[in-house]
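> Dropping a structure here in structure tokens format, bear with me for questions.
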Amino acid sequence: MTESRTTTETTGPGTAEHPPLLEVRGVTKSFGSGRRRLTALDGVDLRLGRGETLGLVGESGCGKSTLARVLLGLERPDAGTVRYGGVDPFALRGKELLNWRRRVQMVFQDPFASLNARMSAADLIGEPWRTHKDVVPDAKAREKRIRELLSLVGLRESDAHRHPNEFSGGQRQRIGIARALALDPDLIVCDEPVSALDLSVQAQVLNVLSELQSRLGVAYVFISHDLSVVRYISDRVTVMYLGKVIEQGETEDVFDRPQHPYTAALMSAAPVLDATRAAHDREIRLKGEIPSPFDIPSGCRFRTRCPRAEDTCATEAPPLVVRESEGDGDDHTALCHFPLEARPAWA
């Protein structure tokens, strides 16, 4: 077993000479005022290298969507920094800001709601060019680029003139992906991009995303509550609880050797296809309900539901525990007074 240690430093892809594509440090975001102030993000740290996928998981209300809006530049953090290749997007103005927005795009959750029913596939894919006019300057080049993008996501050139109601859910999501690719971004934020689709269609869309990453080198922040999807597509995983990052690391390390009791509970509750495994695995059942984000518990915010909680957990903030990766990847970190050490039964 690899020894754990506690530290105040974070780890992740990138070096001083070659900064990561995305680096978030100490980001905090609150809404409301006075006693009714909700802290959606509390000191969030994460990193993402170029061409990588970061899976972002956690229960509803943990702050995933707020973090996505911060990464897209739609919400300004109250504190902390967000940097893309060393550049702070919130310090940009005018044309510099417009050029930065080309580099970060989004694929939405519901392909039935995110596409304008009155527009053809060609119009939807080319919609970003109405703002970023210099990307594809003339009509002939735009027609050619639309055909290329349709082919990239597995659709036919003849689909360009069809409308959303003529496509299946999976095909609509492919159009959404093609639209996100129209500006040749470095990063695409995928907010539950397959949750509204049937399982077989989910697999098709995930394969499209993986193939595009291999061909184009685009990076993804992939938000999902489906752990099997996150494990399939992600290089690294970040687990959030009540606005805090409580565990992150290489995907296989986090899934096979979770350090935080909350992460272990999520893993144990995930359905499995192997009946022999399911018979021997012990589900970790959490007590109580998620506390109100308006009244976050003292010390460790997970302590009110944690089966390992002790008095210390109520009075002291948990330290950052770092366990070296078993492979060549980044270290595996967790915020916990009493991290798990043994390999879980479901690994």
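> If I filter region 141-148 for residues that are without any contact (Cβ under 8 Å) to a residue 60 or more places away in the chain, within 29 Å of LYS29 (Cα to Cα) and open to solvent by less than 70 Å² (accessible area, probe 1.4 Å), do I get at least one hit? Steps first, answer last, please.
At the first step, the residues of region 141-148 found to be without any contact (Cβ under 8 Å) to a residue 60 or more places away in the chain are 141-148.
Within this subset, residues satisfying the condition of being within 29 Å of LYS29 (Cα to Cα) are none.
No, every residue in region 141-148 fails to be without any contact (Cβ under 8 Å) to a residue 60 or more places away in the chain, within 29 Å of LYS29 (Cα to Cα) and open to solvent by less than 70 Å² (accessible area, probe 1.4 Å).
> Does ALA121 satisfy the condition of being among the aliphatic types (A, V, I, L, M) and open to solvent by 70 Å² or more (accessible area, probe 1.4 Å)? Explain how you work it out, then say what you get.
Values: among the aliphatic types (A, V, I, L, M): yes; open to solvent by 70 Å² or more (accessible area, probe 1.4 Å): no.
Against the criterion (among the aliphatic types (A, V, I, L, M) and open to solvent by 70 Å² or more (accessible area, probe 1.4 Å)), ALA121 does not qualify.
Residue by residue, here is whether (1) closer than 27 Å to GLY154 by Cβ; (2) out of contact with any His (no Cβ under 9 Å at 6 or more places or on another chain) holds:
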position: GLY86; (1), (2): no, yes
position: LEU92; (1), (2): no, yes
position: ASN99; (1), (2): no, no
position: ALA122; (1), (2): yes, no
position: GLU127; (1), (2): yes, yes
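> Name the helices (runs of 4 or more DSSP H) wholly within region 43-161 that hold at least 1 residues that are within 30 Å of CYS300 (Cβ to Cβ) and either modelled with pLDDT of 95 or more or over 27 Å from the mean Cα position of the chain (by Cα) (or both)? Outline the logic, then answer.
Values: elements: 64-71, 94-103, 121-126, 139-152.
The helices (runs of 4 or more DSSP H) meeting that bar are 64-71.
> Touching a helix residue (DSSP H, G or I) at 6+ places or on another chain (Cβ under 7 Å) and open to solvent by 50 Å² or more (accessible area, probe 1.4 Å): does that describe GLU127? Don't jump to the end; show me each part of the working.
Numbers: touching a helix residue (DSSP H, G or I) at 6+ places or on another chain (Cβ under 7 Å): yes; open to solvent by 50 Å² or more (accessible area, probe 1.4 Å): yes.
Against the criterion (touching a helix residue (DSSP H, G or I) at 6+ places or on another chain (Cβ under 7 Å) and open to solvent by 50 Å² or more (accessible area, probe 1.4 Å)), GLU127 qualifies.
> Among residues belonging to region 3-42 that are of a type in the set (Val, Ile, Thr) and modelled with pLDDT of 55 or more, point out the one that is surrounded by the fewest Cβ atoms within 10 Å (Cβ to Cβ). Steps first, answer last, please.
Restricting attention to region 3-42, the residues satisfying the condition of being of a type in the set (Val, Ile, Thr) are 6-8, 10-11, 15, 24, 27-28, 39.
From what's left, modelled with pLDDT of 55 or more: 24, 27-28, 39.
Numbers: VAL24: 24, VAL27: 24, THR28: 16, THR39: 20.
In this case the residue turns out to be THR28.
> Check whether at least one residue in region 198-212 is within 25 Å of GLU59 (Cβ to Cβ), open to solvent by 20 Å² or more (accessible area, probe 1.4 Å) and in a loop (DSSP other than H, G, I, E, B), and report yes or no.
yes
> How do the pairs read when you match residues in region 50-71 that are polar (S, T, N, Q) with residues anywhere that are open to solvent by less than 20 Å² (accessible area, probe 1.4 Å) and in a helix (DSSP H, G or I), using Cβ under 7 Å and keeping only pairs 6 or more apart or on different chains?
THR53/ILE233
> Have a look at CYS306, CYS313, CYS300 and point out the one that is at pLDDT 95 or above, in a loop (DSSP other than H, G, I, E, B) and on the phi < 0 side of the Ramachandran plot.
Values: CYS306 fails: at pLDDT 95 or above; CYS313 fails: in a loop (DSSP other than H, G, I, E, B).
Of the residues listed, the single one that is at pLDDT 95 or above, in a loop (DSSP other than H, G, I, E, B) and on the phi < 0 side of the Ramachandran plot is CYS300.
The values are calculated or read from the model by the stated rules, or taken from the named source; none is laboratory data. Everything quoted here is computed from the prediction, not taken from an experiment. Heads up, the Cβs are rebuilt from the backbone with ideal geometry, glycines too, and the neighbour counts pull from every protein chain shown. These area figures cover heavy atoms from the full protein model, side chains too; ligands, DNA and RNA do not enter into them. Shrake-Rupley method; radii C 1.70, N 1.55, O 1.52, S 1.80 Å.
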